[in-house]
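Everything below concerns the one structure shown next.
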Amino acid sequence: MHVFLNINITLYINTCCMLLPCYDVVMSASYLPVIAVSRCLLGDKVRYDGSHEFNEYISNYIADAFKIIPFCPECLAGMPVPRPPIRLVEKEDGAVAAITQNKSRIDIADSLETTARYFIQKHRSLGGIIFKSKSPSCGVRTTKLFNSQGEILTYSATGLFAQTISARLPHLPIEDDACLKDKKRFLDLLIRISAYSELLNRSRQHHESQFCPPQCYNKIINRYFHDMNINKDIGGNNHFIMETYAAYLMPALSHALLRHESMLEQLLPETYNKLINLIEKL
Ligand code: SF4
């Protein structure tokens, strides 16, 4: 594991120092990064045929370090278990339908999209999501998409629930369980989820209290807290500012922090402390 954490590349360190904050705020002891997980991966028998897709990896590695929110988009959309399977079908106008594979052939695309919007409104502390792969609701670039003649157009479409969340929260880290097979990709996801959660948590603390902004050593984080103070005074959209900052932070995390352990420890100490045990196990 440490092999890929120890590669020293000056260029990306400099990039990180420009982009990332030096946190000096003490986190609350009860804080846990929040991760939503498809219920069937947790062993719940909610699949269309009444089965589950229990994933031991999630239970072993994630349960202790994260607060888990189980969800099943199709159950949330009011579908029973068992139920007819669903297929993603591209319509003539290019829109994608989610058609039940029974005689009635109902399109539940609207229900899945509404459910997704409600889900992110309800779970505002969400740091990321692990979806079930290949599902017309949950898959992330692993789902089949058909045309109206029943031919497969692609094997790498995204389920409609996942698609709606991704469109609304473009920086929220999401993957499906296909990523669990690749340790590097899995760890990358956990780091991004922890960092996003940490950012949300700090954003909320800052919004709710009057403490001084943290000591910062780069222009972006200074600007972020400066904007946040201004917006607090005028009642601005704190979440929008957080998202703007995340637009800088999340790409930097995917490409740089994985490669340098001390950089991760310095810049995101809370994330580092929570993940170091997982890193040892992997
Ligand atoms: S893949 Fe998604 S929609 Fe299907 S059973 Fe699992 S959680 Fe539910």
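Every number here is computed from the coordinates shown, using simple stated rules; none is lab data. The structure presented is a predicted model; accordingly, all values stated were derived computationally and were not measured.
Could you run the Karplus curve 6.51 cos²θ - 1.76 cosθ + 1.60 with θ = phi - 60° over segment 55-63 and give me ³J(HN,Hα) per residue in whole Hz, x for Gly and Pro?
Values, residue by residue: 10, 4, 4, 5, 5, 6, 9, 9, 4 Hz.
Could you list, in their original order, any pairs among Lys91/Lys132; Lys67/Lys122; Lys134/Lys181; Lys67/Lys134; Lys45/Lys134 whose Cα atoms are separated by more than 19 Å?
Beyond 19 Å: Lys91/Lys132; Lys67/Lys134.
If amide H atoms are built 1.01 Å from N in the plane of the peptide, which residues on other chains or at least 5 residues away come under 5 Å of the amide H of Ile106?
Long-range HN contacts for Ile106: Thr100.
I need the phi-derived Karplus couplings for segment 33-44: 6.51 cos²θ - 1.76 cosθ + 1.60, θ = phi - 60°, integer Hz, Gly and Pro marked x.
Those phi angles translate into x, 9, 10, 8, 9, 3, 4, 5, 6, 8, x, 6 Hz.
Residue by residue through segment 134-144, which ³J(HN,Hα) values in whole Hz follow from phi under the Karplus form 6.51 cos²θ - 1.76 cosθ + 1.60 (θ = phi - 60°), with glycine and proline marked x?
6, 8, x, 9, 9, x, 10, 6, 10, 9, 6
Please list the non-local residues whose amide H lies under 5 Å from the amide H of Arg141, H modeled 1.01 Å from N, same-chain partners needing a gap of 5 or more.
Placed amide hydrogens put Thr158, Gly159 under 5 Å from Arg141.
Give the separation of the Cα centroids, segment 47-75 to segment 133-153, in Å.
21
Rounded, prolate or oblate: which one fits segment 103-202, using the alpha carbon gyration tensor with axes a ≥ b ≥ c (rounded when a/c is under 1.5, else prolate when a/b beats b/c, else oblate)?
The shape class here is oblate.
Can you list residues from other chains, or at least 5 along the same chain, whose modelled amide H is less than 5 Å from the amide H of Val34?
Counting only residues 5 or more places away or on other chains, the set is Lys67, Gly127.
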